[in-house]
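Engineer: Have a look at this one.
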């Protein structure tokens, strides 16, 4: 079974003058269970919009998205929120860690939303990403690279079928970018989790055997 299937997906925005502006028009995109791929495209080309559609943050105008056998585009908002919590991990470019929570609490949060917090698993994930000595630190007390590690651990908290990463190295220097990307790929591989990374960085794209070009997928 594929971890991700996207078919005939369309999304447009309404400009201030009332004109509908196509942003996403993807005919077909598939990612097998445990597979890893990078998606490249220029800034403003719709990469983040596509990820948000796959994650169910945005609702598609047309088409279908199937994650781990369940069609997210057929679900109401509450159902999309549930599927995202259960089957999708999301590593945001700006991390989106909650500042009032510790590293451990940030990783526990997705589990709590499912009603199944597992402190032992959260701590083990943080240890796996090299944060075992920082469980009680809040984001402001962590370096950018450490915040990224917490974000990776949080994305894997609920054993998702698919992890989406939006420019995951965009805020890191070259050394920390290499470390973060390697860590993300390794942990996804260990957990059998499919990974789709969006980036415009040639160094990041060069680390993947499968690189998809948004301009070829996107007919918008």
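The values are calculated or read from the model by the stated rules, or taken from the named source; none is laboratory data. The shown structure was predicted, so the numbers you read here are calculated from the model rather than taken from an experiment. Using ideal geometry, Cβ is built from the backbone for each residue, glycine included, and neighbour counts are taken over all protein chains shown.
Engineer: Among 213, 153, 161, which is under 24 Å from residue 66 (Cβ atoms), touching a residue at least 12 places away in the same chain (Cβ under 8 Å) and in contact with a helix residue (DSSP H, G or I) (Cβ under 8 Å, 6 or more places away or on another chain)?
Structural biologist: From the options 213, 153, 161, the qualifying one is 161.
Engineer: Return the total of residues in the range 70-80 being surrounded by fewer than 17 Cβ atoms within 10 Å (Cβ to Cβ) and either in contact (Cβ under 8 Å) with a residue 24 or more places away in the chain or in a strand (DSSP E or B) (or both).
Structural biologist: Here the count works out to 2.
Engineer: Additional query: Limited to the range 112-121, what total is found for residues that are farther than 16 Å from residue 90 by Cα and touching a helix residue (DSSP H, G or I) at 6+ places or on another chain (Cβ under 8 Å)?
Structural biologist: 4
Engineer: Look through the range 166-205, keep the residues that are under 19 Å from residue 103 (Cα atoms) and touching a residue at least 40 places away in the same chain (Cβ under 8 Å), and return whichever of them is nearest to the chain's Cα centre (by Cα).
Structural biologist: 168
Engineer: Follow-up. Sort out which residues of the range 37-69 are touching a residue at least 60 places away in the same chain (Cβ under 8 Å) and exposed (fewer than 14 other Cβ atoms within 10 Å of the Cβ), and write them in order of number.
Structural biologist: 42, 43, 69
Engineer: Could you identify the single residue in 207, 189, 185, 203 that is more than 19 Å from residue 89 (Cα to Cα), outside any loop (DSSP other than H, G, I, E, B) and modelled with pLDDT of 85 or more?
Structural biologist: 203
Engineer: Tell me the residue from 18, 34 that is part of a loop (DSSP other than H, G, I, E, B) and in contact (Cβ under 8 Å) with a residue 40 or more places away in the chain, please.
Structural biologist: 34
Engineer: Output the number of residues of the range 122-140 satisfying the condition of being assigned to a helix (DSSP H, G or I) and within 24 Å of residue 167 (Cβ to Cβ).
Structural biologist: The total comes to 5.
Engineer: Which number in (1) out of contact with any strand residue (DSSP E or B) (no Cβ under 8 Å at 6 or more places or on another chain); (2) assigned to a helix (DSSP H, G or I); (3) surrounded by 14 or more Cβ atoms within 10 Å (Cβ to Cβ) marks the one condition that residue 83 misses?
Structural biologist: Among (1) out of contact with any strand residue (DSSP E or B) (no Cβ under 8 Å at 6 or more places or on another chain); (2) assigned to a helix (DSSP H, G or I); (3) surrounded by 14 or more Cβ atoms within 10 Å (Cβ to Cβ), residue 83 violates only (1).
Engineer: Would a scan of the range 101-111 turn up a residue that is farther than 30 Å from residue 218 by Cβ, modelled with pLDDT of 95 or more, surrounded by fewer than 16 Cβ atoms within 10 Å (Cβ to Cβ) and touching a helix residue (DSSP H, G or I) at 6+ places or on another chain (Cβ under 9 Å)?
Structural biologist: For the range 101-111, residues farther than 30 Å from residue 218 by Cβ, modelled with pLDDT of 95 or more, surrounded by fewer than 16 Cβ atoms within 10 Å (Cβ to Cβ) and touching a helix residue (DSSP H, G or I) at 6+ places or on another chain (Cβ under 9 Å): present.
Engineer: Look through 116, 120 and report the one residue that is farther than 27 Å from residue 56 by Cα and surrounded by fewer than 16 Cβ atoms within 10 Å (Cβ to Cβ).
Structural biologist: Just a single option satisfies the conditions, and that option is 120.
Engineer: Here are the criteria: (1) modelled with pLDDT of 95 or more; (2) in contact with a helix residue (DSSP H, G or I) (Cβ under 7 Å, 6 or more places away or on another chain). Tell me which single one residue 88 does not satisfy.
Structural biologist: Only one criterion is unmet by residue 88, namely (2).
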